[in-house]
Amino acid sequence: VQGLGVVYALSQAPRAFAEDQLRFLELIAGVAALALLRQRSQSRLEDSQRTLIRFALIDPLTNLASERQLEYLLRREWQRMQADSMPLSVVQLEPDDFSPKSGRVGGSQLERETLFRLASLLDAQLFRPNDLAARLGPSRFVMMLPATALPGAKTIAERVRRDLAALALPHPQQPDRRVSLSIGVATHQPLELEGYLSGPEELLAKAEVALREAQGAGGDMVVTLSS
């Protein structure tokens, strides 16, 4: 759709504009039109950039943080907790026996709804500004809990597991059962030298080890590991 603009000019002389004056007004109108087009193009470019940034930072299916945002904020909180000698906990969660057929976009409508409901449960546990919930894979989620020791992180993980059980969501791929969660919790305390971790990636990996232990033991449980 083309835009419509108007240039209004008033002559103080009691006669029509001369030809050279009209050409000058046409020039002014052309410059104004170009300026408006440039402004519109810049606005569209900025809108596109904001959209790209949003998709890079937010998971479009669940509205939780993306994996990229998690990596950045986890490293930042790791450094902050190191400086303050405070614990940092990571919780990895995954529905038992659940594999969305279409990867990150989810599969069926019921699969997508299940992932969204689980994301809402995680988001409801974020009481402090630096707490974070993110989607790490097709069906795996992560909670980052700065200044939270192992007992507190385990309490939050158990609360998520119980809240999901209370919802009694039908399993999208096994209609005869309800959705349950396997959860792994890992905590790093900078002042503890035994089992000291060198970076946030190791903490995330340790939480995944705990998650796999929970899955290997039959699921629907919380397994904790500390550094």
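Contact annotation: residue pairs with Cβ atoms under 8 Å, 6 or more positions apart or on different chains, pairing a residue in region 126-152 that is more than 17 Å from Glu71 (Cα to Cα) with a partner that is in a loop (DSSP other than H, G, I, E, B) and open to solvent by less than 50 Å² (accessible area, probe 1.4 Å), are Arg128/Ala147; Ser139/Phe98; Ser139/Pro100; Ala147/Pro87; Thr148/Pro87; Ala149/Pro87; Ala149/Gln189; Leu150/Pro87.
For the condition modelled with pLDDT of 90 or more, assigned to a loop (DSSP other than H, G, I, E, B) and either open to solvent by less than 60 Å² (accessible area, probe 1.4 Å) or farther than 19 Å from Asp96 by Cβ (or both), Gly195 does not qualify. Which residues, taken from region 129-142, are open to solvent by 10 Å² or more (accessible area, probe 1.4 Å) and either at pLDDT 90 or above or among the aliphatic types (A, V, I, L, M) (or both)? Asn130, Asp131, Leu132, Leu136, Arg140 - these are the residues of region 129-142 that are open to solvent by 10 Å² or more (accessible area, probe 1.4 Å) and either at pLDDT 90 or above or among the aliphatic types (A, V, I, L, M) (or both).
A quick yes/no check of all residues on (1) modelled with pLDDT under 95; (2) within 18 Å of Gly184 (Cβ to Cβ); (3) touching a Gly at 6+ places or on another chain (Cβ under 8 Å); (4) not in a strand (DSSP E or B):
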position: Ser43; (1), (2), (3), (4): yes, no, no, yes
position: Glu46; (1), (2), (3), (4): yes, no, no, yes
position: Leu52; (1), (2), (3), (4): yes, no, no, yes
position: Phe55; (1), (2), (3), (4): yes, no, no, yes
position: Arg68; (1), (2), (3), (4): yes, no, no, yes
position: Gln79; (1), (2), (3), (4): yes, no, no, yes
position: Ala83; (1), (2), (3), (4): yes, no, no, yes
position: Gln92; (1), (2), (3), (4): no, yes, yes, no
position: Phe98; (1), (2), (3), (4): yes, yes, no, yes
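For region 166-193, a residue qualifies if it is of a type in the set (A, V, I, L, M), touching a Lys or Arg at 6+ places or on another chain (Cβ under 8 Å) and in contact (Cβ under 8 Å) with a residue 24 or more places away in the chain, and the qualifying residues are Leu167, Leu169, Leu181, Ile183, Val185, Ala186. In the set (1) part of a helix (DSSP H, G or I); (2) surrounded by fewer than 18 Cβ atoms within 10 Å (Cβ to Cβ), the condition left unmet by Leu211 is number (2).
So that you can scan it fast, the table gives a plain yes or no per residue for (1) surrounded by 14 or more Cβ atoms within 10 Å (Cβ to Cβ); (2) touching a helix residue (DSSP H, G or I) at 6+ places or on another chain (Cβ under 6 Å):
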residue	(1), (2)
Leu121	yes, yes
Met144	yes, yes
Thr148	yes, no
Ala157	yes, no
Ala166	no, no
Glu201	no, no
Gly219	yes, no
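The values are calculated or read from the model by the stated rules, or taken from the named source; none is laboratory data. All of these numbers come straight from a predicted model, not from anything done at the bench. With ideal geometry, Cβ positions are generated from the backbone for all residues, glycine too; neighbour counts draw on all protein chains shown. We work out accessible area using only protein heavy atoms, side chains counted, and drop any ligands, DNA or RNA first. Shrake-Rupley method; radii C 1.70, N 1.55, O 1.52, S 1.80 Å.
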